[in-house]
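The values are calculated or read from the model by the stated rules, or taken from the named source; none is laboratory data. All of these numbers come straight from a predicted model, not from anything done at the bench. A quick note on method: Cβ atoms are made from the backbone with ideal geometry, for glycine too, and the neighbour counts reach across all protein chains shown.
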Amino acid sequence: MITPEGMQKLREEHDHLWRVERPDVTAKVSWAASLGDRSENADYHYNKKRLREIDSRLRYLRKCIDDFKVINYHPNQEGKVNFGAWVEIKNEAKGLRNRFRIVGYEELIGNKNYISMDSPMAKALLGKQVGDEAIVTTKLGDFVWKIMSIEYEK
């Protein structure tokens, strides 16, 4: 599962790699190969390695784009914590407040305030409403969090 914003980022990364980076690296490999002896040609070896990395990432992105199910906002989600929700929580005992968005694993990279839908926190919050308390069990013990607000990007 992925949010529409997450899918857009995957498509943009795929497009950038395919249209910008890959042609640039391919040109560098061709240039380095034209210099002759490839056995000691650092430019050739580095750029061939980079080309393999780009191709690997492109295959991965294509599979994600084809396989992931985009979860669009629906008015029925209002009032409850579901996939894609921005949730603000408070732990009164510790005096802590936190705000994050519940997303799929592929959206976590580079997004500071996102948590995985498979995390203990998300699992404890899913289906709850504003004012409900969620008990999150971790290795350090159980923590009680109160849901202060739930928002969705529409």
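Taken over region 80-104, the criterion of being among the hydrophobic types (A, V, I, L, M, F, W, C) and either under 24 Å from the mean Cα position of the chain (by Cα) or in a strand (DSSP E or B) (or both) is satisfied by V81, F83, A85, W86, V87, I89, L96, F100, I102, V103.
With respect to the conditions (1) within 24 Å of R57 (Cβ to Cβ); (2) modelled with pLDDT of 95 or more, I102 falls short on a single one, namely (1). Among the residues that make up region 38-59, is at least one of them surrounded by fewer than 11 Cβ atoms within 10 Å (Cβ to Cβ), of a type in the set (D, E) and farther than 30 Å from K146 by Cβ? For region 38-59, residues surrounded by fewer than 11 Cβ atoms within 10 Å (Cβ to Cβ), of a type in the set (D, E) and farther than 30 Å from K146 by Cβ: present. Among residues of region 3-18 that are not in a helix (DSSP H, G or I), those with a beta-carbon under 6 Å from a residue that is not β-branched (V, I, T) at least six positions away or on a different chain give the pairs T3/G84. Does N111 qualify as being surrounded by fewer than 16 Cβ atoms within 10 Å (Cβ to Cβ) and out of contact with any strand residue (DSSP E or B) (no Cβ under 9 Å at 6 or more places or on another chain)? So N111 fails the test. In region 2-10 there is at least one residue matching the filter, namely being of a type in the set (A, V, I, L, M) and closer than 23 Å to K123 by Cα. Checking each residue in region 121-140 for being surrounded by fewer than 16 Cβ atoms within 10 Å (Cβ to Cβ) and either without any contact (Cβ under 8 Å) to a residue 12 or more places away in the chain or within 17 Å of the chain's Cα centre (by Cα) (or both) picks out K123, I135, K139, L140. For region 79-96, taking the residues that are of a type in the set (D, E, K, R) and exposed (fewer than 13 other Cβ atoms within 10 Å of the Cβ), the one that is nearest to L126 (Cα to Cα) is identified as E92.
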